[in-house]
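Notes follow once the structure below has been shown.
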Amino acid sequence: MEYLADLVTTVPEGTSTARVDELRAAEAVRAAGLAKAGHLIRLWRPPLGPGEWRSIGLFRAVDEAELGGVLASMPLHIWMKVTITPLSPHPNDPEFRAHQTMDHPQA
């Protein structure tokens, strides 16, 4: 199943720049691993205000429990507020229609 995740990161006041840099670097490595494993499909950055850290991600997981584990494995998760929207295929989605055609070709 696919999920849209709105990820808002708030760094606690007083956190050292070194700690922030360390976690951001670890986050990049983990995101690459999640992409390779097929969990992180896409990642976007919407327009941001000054000092705002926010990303919107498209994730794939068997269920919300697995997704929770995927998100918890991200180093910056300790500072994130996450809003999840489960997604279902729309019958007019081009990818969904392409799969339907391949699964059920007309004779």
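The values are calculated or read from the model by the stated rules, or taken from the named source; none is laboratory data. Keep in mind that what you see is a predicted model, and the values were worked out from it rather than measured. Positions of Cβ are backbone-derived with ideal geometry, glycine not excepted, and every protein chain shown enters the neighbour counts. With ligands, DNA and RNA removed, areas are computed over all heavy atoms of the protein, side chains included. Shrake-Rupley method; radii C 1.70, N 1.55, O 1.52, S 1.80 Å.
A compact table of results
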quantity	calculated
All positions within segment 1-37 that are over 16 Å from Trp79 (Cα atoms) and open to solvent by 40 Å² or more (accessible area, probe 1.4 Å)	Met1, Glu2, Leu4, Val29, Ala32, Ala35, Lys36, Ala37
Criterion (closer than 12 Å to Ile84 by Cα and open to solvent by 60 Å² or more (accessible area, probe 1.4 Å)) met by exactly one of Glu64, Glu52	Glu64
All positions within segment 25-43 that are assigned to a helix (DSSP H, G or I) and closer than 19 Å to Gly68 by Cα	Ala26, Glu27, Ala28, Val29, Arg30, Ala31, Ala32, Gly33, Leu34, Ala35, Lys36
Long-range neighbours under 6 Å by Cβ, at least six apart or interchain, first residue closer than 24 Å to Thr15 by Cβ within segment 63-86, second open to solvent by 60 Å² or more (accessible area, probe 1.4 Å) and outside any helix (DSSP H, G or I)	Trp79/Thr10
Matching option when the condition is in contact with a strand residue (DSSP E or B) (Cβ under 6 Å, 6 or more places away or on another chain) and modelled with pLDDT under 95, among Trp53, Trp44	Trp53
Glu22 touching a residue at least 40 places away in the same chain (Cβ under 8 Å) and in a helix (DSSP H, G or I)	no
